[in-house]
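**Q** Dropping the structure in here first, questions after.
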Amino acid sequence: MKPWTVGALKRMVAGATITLAMALSLHTPPVVAHAMLVKAEPARRAALAKAPAQVRLWFNEEVEKDYAALTVLDGDKRPLTEVIPQISADDPKSIVLPLPELPPGKYTVKFRVLSVDGHVVDSSYDFTVKSKAPGK
């Protein structure tokens, strides 16, 4: 039996490294393709001097229009409107809910959307409409 030479060991290590690299490159991790909120108007934790006329949410992918839910709750957790939110005509990744005139107070935006990949995203955030300064 021959003893291993340095050159033979180097070739074996190089071959094993190449084989491992090739095996790892063939494995791709699963893609996480859930709709994620990327922008909101009004924004999370916004303190607004003027009440918004609507809430508009943008996601990183299209949402199923028939399953999009968006509501705004007052400080007593009551919905402000019965209007059904709509997918924006100019952007299928965005949903819009028109609002009635809002008095000063804290509001909660609740949304639930179904991604085109079949995953449900359900979340909420708050914003505040500040009181007007006296004498203005």
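The values are calculated or read from the model by the stated rules, or taken from the named source; none is laboratory data. For clarity, every value in this text was computed on a predicted model and none was experimentally measured. All Cβ positions, glycine included, derive from the backbone under ideal geometry; neighbour counts span all protein chains shown.
**Q** With the requirement that a residue be more than 12 Å from ALA51 (Cβ to Cβ), modelled with pLDDT of 95 or more and not polar (S, T, N, Q), what does region 113-131 give you?
**A** Listed by number, the residues that qualify are TYR125, ASP126.
**Q** Within region 97-120, which residues are in a loop (DSSP other than H, G, I, E, B) and on the phi < 0 side of the Ramachandran plot? Walk me through how you get there before you give the answer.
**A** The initial filter retains those residues of region 97-120 that are in a loop (DSSP other than H, G, I, E, B), namely 99-104, 116-119.
Across region 97-120, the qualifying residues are LEU99, PRO100, GLU101, LEU102, PRO103, PRO104, VAL116, ASP117, HIS119.
**Q** Now a separate question. Restricting to region 38-52, and then to whatever is within 16 Å of the chain's Cα centre (by Cα) and part of a strand (DSSP E or B), can you tell me which residue is farthest from GLY105 (Cα to Cα)?
**A** VAL38
**Q** From the set of residues in region 42-59 that are in contact with a Lys or Arg (Cβ under 7 Å, 6 or more places away or on another chain) and surrounded by 14 or more Cβ atoms within 10 Å (Cβ to Cβ), which is modelled with the lowest pLDDT?
**A** Residue satisfying both the conditions and the ranking: PHE59.
**Q** Output the residues belonging to region 53-96 that are of a type in the set (S, T, N, Q), part of a strand (DSSP E or B) and under 13 Å from LYS39 (Cα atoms). Lay out the reasoning, then the answer.
**A** Step one: list which residues in region 53-96 are of a type in the set (S, T, N, Q), which gives 54, 60, 71, 81, 86, 88, 94.
Next cut, part of a strand (DSSP E or B) only: 54, 71, 86, 88, 94.
The answer is SER94, and nothing else.
**Q** To continue, here is another question. Return the pair list, or none, for Cβ contacts closer than 7 Å from residues in region 50-76 that are touching a residue at least 40 places away in the same chain (Cβ under 8 Å) and under 12 Å from SER115 (Cβ atoms) to residues that are surrounded by 15 or more Cβ atoms within 10 Å (Cβ to Cβ) and of a type in the set (Ser, Thr, Tyr), at least 6 apart or on different chains.
**A** Every condition considered, the pairs that remain are GLU61/SER115; VAL63/SER115.
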